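Note sheet for the following structure.
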Amino acid sequence: MRNINMLGMLDMKGNETIRRVYGVDGIAPTLTTSQGGHRQPKILVSGSESMELLETNDFFCGAGGLGIGFKQAGFKIAGAWDYDKFAIEAYKHNVGDHAKQADITEMTWRDVTRADMWTFGFPCVTFSVAGLKMGMIFECTKCGYEETFEGELIIDGKTGCTKCGSYSKPKDPRGLLFFEVMRLLKETEMNNPDNMPKMIMAENVKGVRPYLDVIEGEYKKRGYKMYAVLYNSKFWGVPQNRERYFIMGVHESIDKEFIFPEQQELYVPRLSSILETDVDSKYYISDEKAARVIEEAKQKVEVGKAHACLTPDQPKQQNGPRAKANEMEMFTLTAQDRHGVITTSEEGGYSVRKLTPREYARLQGFPEDFEIVVSDSQAYKQFGNAVTVTVSRSLAERVKMFLQSL
């Protein structure tokens, strides 16, 4: 074990050049932090305890980013499903044993429990830069023509090329999993309308923006008015630059406008607030490799292309590299262990290490009592793909107040 002080943030991918460092000093309203430590956020539960317990279904539940937030807000998780067996293992251990491993393309309305709310953070890779933004695009297997299709045609499997009449297939099938939720809503409405949720909520990356009109059209066909907002996790109590759309649907039978909670943009906690003080040596990279990373960091700081560490001969002055670093935008957590920090030892030397799974969890607002029961690689994947808990909890609190006011 080594006692360390964090000096900077780096991207461990490729040449391991330094990318991001601290955010702005201050105290976030949804997460209280102190220097060098991490404290649990206060849980605000609105409404009367005597009111009827609200329930939610959690599709693409992952390790529980949305589920935990709704549970903290006082919801009961009626059902949860995910294709990944390791995500289900983590969810069952920490959120509820009602979670089931399932392929949503094989689910029917009979598999879905009644609930007031459905949430679904459908797979985001295909809408991101990493996924080449293939989204909901189909490509003809004969002439190569690319197009998008209306939801009913996708649900019914009638995606014939409108140019040559041949068969068109999705460029990335993951981009169509949103329509599987729409299918389940359609089946529920036809076979058991009493089980239709009052509200639905999708979550995805910023790259889903070109498809918001498609999503709105699908919501409308299923009987929901759409409300959308783009939030950044760094304004919700965690030191991570993570922009995500939250797309709410309110059933047309409800004659009331939904208003999202307001995002505060005054305070962002320091990255140092989520770091562990004693880190196993397995997370440190070799001295030879670390030396190259540190030298590159020094050079980039000198030319103003990165702000990641203070070299021994650089004073900690107000207008020095550290001051510049505090003004820099932070990184976005990914599903791989590609993020790391440059640290100093008690002897004054520099070291380089990866972020630990627990630090990944803290960057996503997961509570400290969340037990990591999977391998490190699976934990990085789960937390990197998760919805930030502090955001989901705030949304859940607003949904709860909205539904209880009806």
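Laboratory data are not the source of any read-out in this text; all were calculated from the coordinates shown. Quantities reported herein were computed from a predicted structural model and do not represent experimental measurements. Every residue, glycine among them, receives a Cβ derived from its backbone with ideal geometry; neighbour counts consider all protein chains shown.
Overview of results
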| item | result |
| --- | --- |
| Protection proxy ranking of 180-190, 369-379 - average other beta-carbon atoms within 10 Å, highest first | 180-190, 369-379 |
| Full-extension gain in nm, ARG209 to SER375, via 0.36 nm per residue minus C-alpha separation | 56.4 nm |
| 22 Å Cα-Cα threshold exceeded, pairs from LYS71/LYS400; LYS298/LYS381; LYS100/LYS381 | LYS298/LYS381 |
| Members of LYS142/LYS220; LYS158/LYS225; LYS171/LYS234 lying beyond 29 Å, as alpha-carbon distances in this model show | LYS142/LYS220; LYS171/LYS234 |
| Estimated FRET transfer efficiency (TRP109, TYR83; beta-carbon r; R0 30 Å; 0.05) | 0.95 |
